[in-house]
There are 2 protein chains.
Amino acid sequence: MKIGLDTMGGDFAPENEVLGAIEAFSLLKNDSRIVLFGDKTRIEEVCEKVGFDPANFEIVHTTEIIGMHDNPAKAFVQKPDSSMAMGFRALASRQIDGFASPGNTGAMMVGVMYTVKPIEGIARPCISSTYPLVNGKTGLLLDVGLNADCKPENLYQNAMLGALYAKWAMGLENPRVGLMNIGEEAAKGNLLVKAAYDLMKDSKDFTFAGNIEGYDFMTGKKADVVVCDGFVGNIILKLAESFYRIAGSLGIDKEFFNRLNYETYGGTPVLGVNAPVIIGHGGSSPKAIKNMVLLTENVINAQLVKRVKDALSENNY
Amino acid sequence: MKIGLDTMGGDFAPENEVLGAIEAFSLLKNDSRIVLFGDKTRIEEVCEKVGFDPANFEIVHTTEIIGMHDNPAKAFVQKPDSSMAMGFRALASRQIDGFASPGNTGAMMVGVMYTVKPIEGIARPCISSTYPLVNGKTGLLLDVGLNADCKPENLYQNAMLGALYAKWAMGLENPRVGLMNIGEEAAKGNLLVKAAYDLMKDSKDFTFAGNIEGYDFMTGKKADVVVCDGFVGNIILKLAESFYRIAGSLGIDKEFFNRLNYETYGGTPVLGVNAPVIIGHGGSSPKAIKNMVLLTENVINAQLVKRVKDALSENNY
């Protein structure tokens, strides 16, 4: 398989991207190959600095960069030879099997929607994030920021996408899907989640675990997958991540808190679209890039597009 | 002043309530007096068990109990002689200056709305909670669960109420009010917060600190007061509180994490109503009750009703 990586979009490009790709290189399966999109000369310079043979990568030379301050809607038209635009074109034409970038998130989403496109039947793709549970396992939260305003049907599709991701990318045989709420009872919540609860309660598309409160989010006792709109999910994710920094500032060195560091999960997969796309933090370290590349390989292997299409065709949904 | 306490509504009533009141007794100012609403015999039994003279309290004998499973809307009609109903009547008729209860939250809110009532001009009272900041100071979050569905105007009033609470009850001279959001830029967020941002950005009623992300919530670097709807606030509060338990389970004993325990702040003040009302956790320990009583005294002293009325009459709002 071919794992595409945008090496020019991050805050520390291309150094961190190339160093992260080098770290990932030796950890990938035999048939996996990393395709770097970016300035060939600069990529090779980073490789040479650490004594790594750039021939271990495929390099697609690009001449433009979509930066953090570029207008997401216009960037692809204005910069067709950018690393991000080239990456998405390669993904859409199946020259690569997945694409990861720590670049401009808005532009990434524009790229997804205009090149890869949502899977037919999915109204709103979403982005997801894994997070550590106190019991040592891993949970999945979605949407973590793509759709700040959702309809109940969007939450239902998030639940379905999350369950499929948890099963095929995280290896959970029968993931329990919880609905983020402010109480356990069915009648709790705002208008959105009350309506979503009604849609979910008898679902045959996933195992519905009912409402999840903030107390339960990190315990994993009630749910493996937690569903919410992108506004709530983004706040939860960033608040949880802030505890990594807090723990660090207090001199706490515990595995659980260290796992709250975004570097350990590398990036957020875009779910519900026709190819694996992973969005990373703009300030990604080499470690974060390494984990993003490994995550991309994992998501490619999970064959989620096929899983989602199969699920949609079963018509339970 | 007279601080009313419902001793019958909590999960461990009246024992924890009376023990907490006894703990608070010696910490109150000279002119403060605790008025206990509940079964006189049972209250006296708890006092006697620990060798405390019940004559230190005023006791209003009540014969009924509004429990956690009573229908909030019907409870006051069905149980007019309950400790909660008697307390609210005493509050509305100014026999007491504030009322606190760890009982049925829904019933508490019905009691507030039908006896004490919202301050004229306040569309939606809300509930607030203080929380620890990493810098050792204390932040205020509101709404933490009363109004799961809000309009922009409600968030604006939350901001005003929060600023007044922070100034008069928390002693912050010029509290900075942040809007909970998923990015710092003005255009970020869902429809609700984008509209709320527009209302707040030039406010003369409070110092608007702009958007606050999950990362910033516990740092206090950008805001002293954080405003959101009750759905988001309840999730944030419970998620933050869960880290107290997580820290405990990992053997971490740090002041910051210990302060995340709800017991340390005792209860959530209802803001925007015509008298001080504090809602506590159903499972309140004696320590939590003690802090709830002290909080009630503090809120009474802050004269928030007057402050809110003054602010409303200034017509900035």
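Annotations
- Label point distance in nm, B:H61-B:K151, each placed 7 Å from Cα along Cα→Cβ: 4.9 nm
- Electrostatic bookkeeping for B:R245 treats Lys and Arg as +1 and Asp and Glu as -1; over the other residues with beta carbon under 15 Å from its beta carbon, the sum is +1.
- Label sites at B:L191 and A:T264, each approximated as a point 7 angstrom past Cα along Cα to Cβ, lie 3.9 nm apart.
- For residues of A:248-258, the mean tally of beta carbons on other chains within 10 Å: 3
- Sequence of B:V193, B:V60 once ranked by neighbouring C-beta atoms within 10 Å, starting from the fewest: B:V60, B:V193
- Overall form of segment B:203-317 per C-alpha gyration tensor (a/c, 1.5; a/b vs b/c): oblate
- What you get for segment A:123-265, charging only the Cβ of Lys and Arg (+1) and of Asp and Glu (-1), is a dipole of about 100 debye around the Cα centre.
- For segment A:1-38, chymotrypsin sites (Phe, Trp or Tyr not before Pro) are listed when DSSP marks them as loop and at most 16 other Cβ atoms sit within 10 Å of their Cβ; the list is A:F12.
- The overall shape of segment B:1-69 is prolate: from the C-alpha gyration tensor, with semi-axes ordered a ≥ b ≥ c, the ratio a/c is 1.5 or greater and a/b exceeds b/c.
- Mean partner shielding of peptide B:237-247, defined as the number of other chain Cβ atoms within 10 Å of each residue Cβ, is 6.
- Label point of A:L27 (7 Å along Cα→beta-carbon): distances to the other copies' equivalent points are 4.8 nm, sorted ascending.
- Charge dipole (the protein assembly as shown, unit charges on Cβ, about Cα centre) - positive-most of A:V270, B:N30, B:G267: A:V270
- Per-residue extension of 0.36 nm, minus the Cα-Cα distance of A:R42 and A:H69, leaves a gain of 7.5 nm for this segment.
- Per-copy distances of the B:E184 label point, shortest first, in nm (7 angstrom along Cα→Cβ): 4.1
- Projected label distance in nm at A:E314 and B:K117, using a 7 Å step from Cα toward the beta-carbon: 5.7 nm
- Summed residue charge, Cβ within 10 Å of B:K188's Cβ, Lys/Arg positive, Asp/Glu negative: -2
- Overall, the anisotropy analysis places segment B:1-144 in the oblate class: the square-rooted eigenvalues a ≥ b ≥ c of its C-alpha gyration tensor yield a/c not less than 1.5, with a/b not exceeding b/c.
- The helix-only estimate of mean residue ellipticity at 222 nm for the protein assembly as shown, built from DSSP H runs of length n ≥ 4 each weighted as -39500 (n - 2.57), is -12000 deg cm²/dmol after division by the residue total.
- Loop-exposed trypsin sites (Lys or Arg not before Pro) per DSSP, neighbour cap 15 Cβ within 10 angstrom, longest uninterrupted part of chain B: B:30-93
- 5 angstrom amide H check on B:V273, placed H, neighbours 5+ away: B:I119
- Long-range HN-HN contacts of A:N211 with modeled amide H, under 5 Å: A:L179
- Contact order normalised by residue count of segment B:214-317, Cα under 8 Å, 6+ apart, percent: 18 percent
- Other-copy label distances relative to B:L250, 7 angstrom Cα-Cβ extension, nm: 0.9
Every read-out reported here was derived from the displayed coordinates using simple, explicitly stated rules and does not represent laboratory data. Source: prediction; values computed, not measured. All Cβ positions, glycine included, derive from the backbone under ideal geometry; neighbour counts span all protein chains shown.
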